[in-house]
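A.B. asks: Mind looking over this structure? Questions follow.
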């Protein structure tokens, strides 16, 4: 396991250095910046650790790349650990991911006990993760709670749409999840029973300072894209329908292609629309290449469909494409949140999204985009046609889209809630966070009945133990 200070990754992720928090004021206002400074003051030099399965690829890695530096700017010792795994580990955790999102797949005891649990053991054998608050992200590292080398108030954060989770995989993960101090979900609809720990609702967010989220003028965007457009004969004066995501069965790119081909029949003799699909690979997703090949096959010889994988200067290209696109389309069959929807909205591009998961928390139908059924090809085609043909509608929905993201889904707003949670678990505040979801839980009832936490020592004793361990851990780094 490597943390962000390890020699192997020391110079590769420079964004993990502290960032000036004042740079966010133009986006969220002075009041929010002042609030963050105030609530973080008692947390200065406290350790907040995060554990996930990849440094690059996917929304969790992107959020941590921005959130760690921002938390550090407030004086918090924010750390980021990434578990290592073999191809077999990521293959079985991809099955976990699919099964939690409702796809039933065969899974063997060999995969669970060898590829998964043995890998978790290897990651924790010689490394300890210590923090006043530790957040473990998604199912890949979930079992790490049981290995005895993670210390602190440990929370599990689920970024996946688990509304129809496979009963088999949920029952396997549940004993691990119930050992956490609490769990964070994107929305209350994702919570499965029987959880015995407090649950909280915190929406993911985007970082307006990232290159991808820079709000370009059309002229700037076209300048950034000149090489890509010229090389691939993409005409920016013709309508552009854009889709960006990992190549994954849940992202449903094949349905986008089917709907687009249906749409083209409406434009004979007119300026035909173009479909641009862009995807990136993730190191913890072994199925991406196969899905990419399937999508290429689905597109066939259609010269108005352009499919790209891991484009050069990715963030600048994606942000620029979102700027010039007439509409953005994201019709996942399952979606924990869909940060790419947030990004497109932030660029003022109306989004056609499916009525699933976290997408419905971002798109207000006919206010900043359209909500559709993921396999309603004719309905999707109709929505694309409306946006392509009605410039005034595009402009109005785009304006609403930017303001909706500004109000709800920018990084400082997410960080604010997480710091409230950290204050609560460190007993700086006694008031239950307003984004708590469930009522009194087994863990809290046990505390009330026995006058102690479900740990074999008191809360004050736990604090002292964490401080002692952290001092020893820091000494071992020197």
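The values are calculated or read from the model by the stated rules, or taken from the named source; none is laboratory data. None of the values given here were measured: they were computed from a predicted structure. Reconstructed Cβ throughout: ideal geometry from the backbone, glycine too, with neighbour counts over all protein chains shown.
A.B. asks: Being closer than 30 Å to residue 194 by Cβ and touching a helix residue (DSSP H, G or I) at 6+ places or on another chain (Cβ under 7 Å) is the requirement here; does residue 427 meet it?
C.D. replies: Values: closer than 30 Å to residue 194 by Cβ: yes; touching a helix residue (DSSP H, G or I) at 6+ places or on another chain (Cβ under 7 Å): yes.
Against the criterion (closer than 30 Å to residue 194 by Cβ and touching a helix residue (DSSP H, G or I) at 6+ places or on another chain (Cβ under 7 Å)), residue 427 qualifies.
A.B. asks: Hey, any hits in segment 201-215 for a residue that's farther than 21 Å from residue 70 by Cβ and touching a helix residue (DSSP H, G or I) at 6+ places or on another chain (Cβ under 6 Å)? Spell out how you get there, then give the answer.
C.D. replies: Going through segment 201-215, the residues farther than 21 Å from residue 70 by Cβ turn out to be none.
Checked against the condition, which is being farther than 21 Å from residue 70 by Cβ and touching a helix residue (DSSP H, G or I) at 6+ places or on another chain (Cβ under 6 Å), segment 201-215 yields no hits at all.
A.B. asks: Out of the residues in segment 254-273 meeting the condition of being in a helix (DSSP H, G or I) and in contact with a strand residue (DSSP E or B) (Cβ under 6 Å, 6 or more places away or on another chain), tell me which one is surrounded by the fewest Cβ atoms within 10 Å (Cβ to Cβ).
C.D. replies: Of the residues in segment 254-273, the ones in a helix (DSSP H, G or I) are 254-267.
Narrowing further to those that are in contact with a strand residue (DSSP E or B) (Cβ under 6 Å, 6 or more places away or on another chain): 256, 260.
Working: 256: 27, 260: 24.
Ranking the qualifying residues of segment 254-273, first place goes to 260.
A.B. asks: Is segment 295-309 home to any residue that is part of a strand (DSSP E or B), buried (at least 23 other Cβ atoms within 10 Å of the Cβ) and modelled with pLDDT of 95 or more? Steps first, please.
C.D. replies: Our first condition is that a residue be part of a strand (DSSP E or B); within segment 295-309, this holds for 305-309.
Narrowing the set further to residues that are buried (at least 23 other Cβ atoms within 10 Å of the Cβ) leaves none.
No, that holds for no residue.
A.B. asks: Next question, about the same structure. Against the condition assigned to a helix (DSSP H, G or I), touching a strand residue (DSSP E or B) at 6+ places or on another chain (Cβ under 6 Å), in contact (Cβ under 8 Å) with a residue 12 or more places away in the chain and in the same structural domain as residue 52 (by TED's automatic domain parsing), how does residue 144 come out, does it pass?
C.D. replies: Details: assigned to a helix (DSSP H, G or I): yes; touching a strand residue (DSSP E or B) at 6+ places or on another chain (Cβ under 6 Å): yes; in contact (Cβ under 8 Å) with a residue 12 or more places away in the chain: yes; in the same structural domain as residue 52 (by TED's automatic domain parsing): yes.
Judged against the criteria, residue 144 is a match.
A.B. asks: For segment 26-36, does any single residue satisfy the condition of being assigned to a loop (DSSP other than H, G, I, E, B) and within 22 Å of the chain's Cα centre (by Cα)? Lay out the reasoning, then the answer.
C.D. replies: Going residue by residue through segment 26-36, those that are assigned to a loop (DSSP other than H, G, I, E, B) are 29.
So of that shortlist, the ones also within 22 Å of the chain's Cα centre (by Cα) come out as none.
No, the conditions are met nowhere in segment 26-36.
A.B. asks: Further question: Restricting attention to segment 310-322, and to residues there that are part of a helix (DSSP H, G or I) and surrounded by fewer than 21 Cβ atoms within 10 Å (Cβ to Cβ), which single residue is nearest to the chain's Cα centre (by Cα)? Explain how you work it out, then say what you get.
C.D. replies: The first filter runs over segment 310-322 and keeps only residues part of a helix (DSSP H, G or I), leaving 314-322.
Checking the rest, the ones that are also surrounded by fewer than 21 Cβ atoms within 10 Å (Cβ to Cβ) come to 314-316.
Working: 314: 18, 315: 16, 316: 19 Å.
The selected residue is 315.
A.B. asks: Can you tell me which of 56, 68 is under 30 Å from residue 116 (Cβ atoms) and either touching a helix residue (DSSP H, G or I) at 6+ places or on another chain (Cβ under 8 Å) or assigned to a helix (DSSP H, G or I) (or both)?
C.D. replies: Numbers: 56 fails: either touching a helix residue (DSSP H, G or I) at 6+ places or on another chain (Cβ under 8 Å) or assigned to a helix (DSSP H, G or I) (or both).
Sole residue among the options that is under 30 Å from residue 116 (Cβ atoms) and either touching a helix residue (DSSP H, G or I) at 6+ places or on another chain (Cβ under 8 Å) or assigned to a helix (DSSP H, G or I) (or both): 68.
A.B. asks: Might you let me know whether segment 379-401 holds any residue that is buried (at least 17 other Cβ atoms within 10 Å of the Cβ) and more than 30 Å from residue 333 (Cβ to Cβ)?
C.D. replies: Within segment 379-401 (the criterion being buried (at least 17 other Cβ atoms within 10 Å of the Cβ) and more than 30 Å from residue 333 (Cβ to Cβ)), the answer is no, since none of the residues qualifies.
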